[in-house]
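Engineer: Could you have a look at this structure, given as structure tokens, before my questions?
The values are calculated or read from the model by the stated rules, or taken from the named source; none is laboratory data. Just so it is clear, the model here is predicted, and its values are computed rather than measured. FYI the Cβ positions are ideal-geometry reconstructions off the backbone, even for glycines, and counts take in every protein chain you see.
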Amino acid sequence: MVMSALIGKTAIITGASRGIGRSIALRLAQDGAGVVLCARDAALLGDVVAEIRKTGGKAEMIPLDLRLPEAAEQLVDFAVAKFGRLDIVINNAGATKLGDFPELTDADWSDGFALKFFATVRITRAAWPHLKAVSGSVLNISGIGGRTPGAMFSIGGSVNAAMNCLTKSLADTGVRDGVRVNCVLPGYVRTDRLQKRLDAVVKESGVPMNQAEERFVADSKILQLGEPEDIAGLVAFIVGPEGRFFHGALIDMDGGATKAV
Ligand code: NAD
């Protein structure tokens, strides 16, 4: 059922073919927004678009590799051409390589920053005049590794810390221009990426998947794993009318993973 909080609004969601981005796209469309989905895989994007349209939502898609500098303007131009305005940008696409620091190459570092950080910079810059015109909103998805990085997560942690810093900086510009900018920091959320880590626990320990998950949760000292829908619900609240006072906020949603104040 389409609800009303975002009726008449247009939202771009990057990395919307699966995982957290897919759930955000479904949720914002359910709340009434026209959504523009971007990722590389046209077939997967098409499935999400069909799912949204089946329930009466409005969705368009554009397959792009967001590491390419020209992709940002293509995405924003496409969204404005399709819906005539742009109110919300969700910078979610991200994939950074896990690995022991001495083994990570310049190419691994460049790739991590190219997709998540520089795509966010470029898309937000291209979108800014449109967002300014309608008092719109930017929502970045970083990750708790930006606050509490670990040895195997040097690229992801650094990229997410940069996303957090960028959020604060853009929020300052947003005070002047009337554009809200916020950031959600997910903890362990059940997506393909996390499934690979659970598969590794099964392989290493020989226990079945349900026990591997219990072990992962206990080892991570968290209450439970998150679902993509948990993050999508929070995002919908922040970018919706009830989130109007959120600005420059970095919000952990992590089942208690982040122990620091
Ligand atoms: P995922 O791997 O399931 O999905 C990533 C999305 O990004 C996909 O749609 C993929 O197609 C897209 N993408 C990848 N490379 C791209 C490229 N070059 N151009 C365009 N699109 C590209 O990831 P997820 O687990 O849903 O994570 C989404 C975001 O949340 C990421 O930024 C990730 O860092 C962050 N995050 C996730 C978790 C978690 O536990 N899942 C935890 C912390 C932070």
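Engineer: Name the one entry in Glu242, Glu213, Glu227 that is closer than 17 Å to Cys183 by Cα and either surrounded by 14 or more Cβ atoms within 10 Å (Cβ to Cβ) or in the same structural domain as Ala29 (by TED's automatic domain parsing) (or both). Reasoning before the result, please.
Structural biologist: Working: Glu213 fails: closer than 17 Å to Cys183 by Cα; Glu227 fails: closer than 17 Å to Cys183 by Cα.
Answer to the selection: Glu242.
Engineer: Report every pair of residues separated by at least 6 positions or lying on different chains whose Cβ atoms are under 6 Å apart, first residue within segment 224-236 and assigned to a loop (DSSP other than H, G, I, E, B), second modelled with pLDDT of 95 or more.
Structural biologist: If the second residue must be modelled with pLDDT of 95 or more, the pairs left are Gln224/Gly255; Leu225/Tyr188; Leu225/Arg190; Glu227/Arg190.
Engineer: Here are Arg215, Arg176, Arg180: which of them is at pLDDT below 95 and either basic (Lys, Arg) or farther than 30 Å from Gly32 by Cα (or both)? Steps first, please.
Structural biologist: Working: Arg176 fails: at pLDDT below 95; Arg180 fails: at pLDDT below 95.
From the options Arg215, Arg176, Arg180, the qualifying one is Arg215.
Engineer: Looking only at segment 23-33, decide whether some residue is within 24 Å of Gly157 (Cβ to Cβ) and within 16 Å of the ligand (Cβ to nearest atom).
Structural biologist: Step one: filter segment 23-33 for residues within 24 Å of Gly157 (Cβ to Cβ), giving 23-24.
Filter once more, so that each one left must be within 16 Å of the ligand (Cβ to nearest atom): 23-24.
Yes, segment 23-33 contains a residue that is within 24 Å of Gly157 (Cβ to Cβ) and within 16 Å of the ligand (Cβ to nearest atom).
Engineer: For Lys97, are the conditions met, namely being in contact with an Asp or Glu (Cβ under 9 Å, 6 or more places away or on another chain) and within 16 Å of the ligand (Cβ to nearest atom)? Even if it seems obvious, please write down each step before you answer.
Structural biologist: Values: in contact with an Asp or Glu (Cβ under 9 Å, 6 or more places away or on another chain): yes; within 16 Å of the ligand (Cβ to nearest atom): yes.
So Lys97 fits the description; yes.
Engineer: Assess whether Lys132 counts as being more than 16 Å from the ligand (Cβ to nearest atom) and in contact with a helix residue (DSSP H, G or I) (Cβ under 6 Å, 6 or more places away or on another chain).
Structural biologist: Against the criterion (more than 16 Å from the ligand (Cβ to nearest atom) and in contact with a helix residue (DSSP H, G or I) (Cβ under 6 Å, 6 or more places away or on another chain)), Lys132 qualifies.
Engineer: Kindly indicate the residue of segment 83-107 that is β-branched (Val, Ile, Thr) and either under 20 Å from Val181 (Cβ atoms) or in contact with a Pro (Cβ under 9 Å, 6 or more places away or on another chain) (or both) and also surrounded by the most Cβ atoms within 10 Å (Cβ to Cβ) among those meeting that condition. Talk me through it step by step, then tell me what you get.
Structural biologist: First, pick out the residues of segment 83-107 that are β-branched (Val, Ile, Thr): 88-90, 96, 105.
Narrowing the set further to residues that are either under 20 Å from Val181 (Cβ atoms) or in contact with a Pro (Cβ under 9 Å, 6 or more places away or on another chain) (or both) leaves 88-90.
Working: Ile88: 28, Val89: 31, Ile90: 28.
Filtering first and then ranking leaves Val89.
Engineer: On the given criteria, is Lys196 closer than 23 Å to Lys97 by Cβ and away from the ligand (no atom under 12 Å from the Cβ)?
Structural biologist: On the way: closer than 23 Å to Lys97 by Cβ: yes; away from the ligand (no atom under 12 Å from the Cβ): no.
Considered against the rule, which asks whether it is closer than 23 Å to Lys97 by Cβ and away from the ligand (no atom under 12 Å from the Cβ), Lys196 comes out as no.
Engineer: Still on this structure, I have one more. Let me spell it out: the conditions are (1) farther than 22 Å from Thr96 by Cβ; (2) surrounded by 12 or more Cβ atoms within 10 Å (Cβ to Cβ); (3) not assigned by TED's automatic domain parsing to the domain that holds Ala119, and Lys221 meets all of them except one. Which number is the exception?
Structural biologist: (2)
Engineer: Assuming Thr173 fulfils every condition listed in (1) within 19 Å of Arg125 (Cβ to Cβ); (2) within 13 Å of the ligand (Cβ to nearest atom); (3) part of a helix (DSSP H, G or I) apart from one, which condition is it?
Structural biologist: Status for Thr173: all satisfied but (2).
Engineer: If you don't mind, another one. Out of Ser110, Ser137, Ser154, report the one residue that is among the polar types (S, T, N, Q), surrounded by fewer than 20 Cβ atoms within 10 Å (Cβ to Cβ) and modelled with pLDDT of 95 or more.
Structural biologist: It is Ser110.
Engineer: Here's something else I'd like to know. May I ask you to list the residues in segment 135-157 that are within 18 Å of the chain's Cα centre (by Cα) and away from the ligand (no atom under 12 Å from the Cβ)?
Structural biologist: The answer is Gly136, Ser137, Val138.
Engineer: Shifting gears a bit: Looking at the structure I just gave you, is Thr96 among the hydroxyl-bearing types (Ser, Thr, Tyr) and closer than 24 Å to Gly233 by Cα?
Structural biologist: On the way: among the hydroxyl-bearing types (Ser, Thr, Tyr): yes; closer than 24 Å to Gly233 by Cα: no.
It is false that Thr96 is among the hydroxyl-bearing types (Ser, Thr, Tyr) and closer than 24 Å to Gly233 by Cα.
Engineer: Taking the conditions exactly as written (touching a residue at least 40 places away in the same chain (Cβ under 8 Å) and surrounded by fewer than 18 Cβ atoms within 10 Å (Cβ to Cβ)), does Gly206 satisfy them or not? Give the derivation first.
Structural biologist: Values: touching a residue at least 40 places away in the same chain (Cβ under 8 Å): no; surrounded by fewer than 18 Cβ atoms within 10 Å (Cβ to Cβ): yes.
No: the conditions fail for Gly206.
Engineer: Being in the same structural domain as Ser142 (by TED's automatic domain parsing), over 21 Å from Val48 (Cα atoms) and within 15 Å of the ligand (Cβ to nearest atom) narrows it down to one of Val76, Val121, Val89, so name that one. Please lay out each step first, then the result.
Structural biologist: On the way: Val76 fails: over 21 Å from Val48 (Cα atoms); Val89 fails: over 21 Å from Val48 (Cα atoms).
Among Val76, Val121, Val89, only Val121 is in the same structural domain as Ser142 (by TED's automatic domain parsing), over 21 Å from Val48 (Cα atoms) and within 15 Å of the ligand (Cβ to nearest atom).
Engineer: Residues Leu86, Leu98: which one is touching a helix residue (DSSP H, G or I) at 6+ places or on another chain (Cβ under 8 Å) and farther than 18 Å from Met163 by Cβ? Step through it out loud before you land on a result.
Structural biologist: Numbers: Leu98 fails: farther than 18 Å from Met163 by Cβ.
Criteria check complete, one pass: Leu86.
Engineer: Also: The conditions are (1) in the same structural domain as Asp100 (by TED's automatic domain parsing); (2) away from the ligand (no atom under 12 Å from the Cβ); (3) not polar (S, T, N, Q), and Val207 fails exactly one of them. Which is it?
Structural biologist: It fails just one condition, (1).
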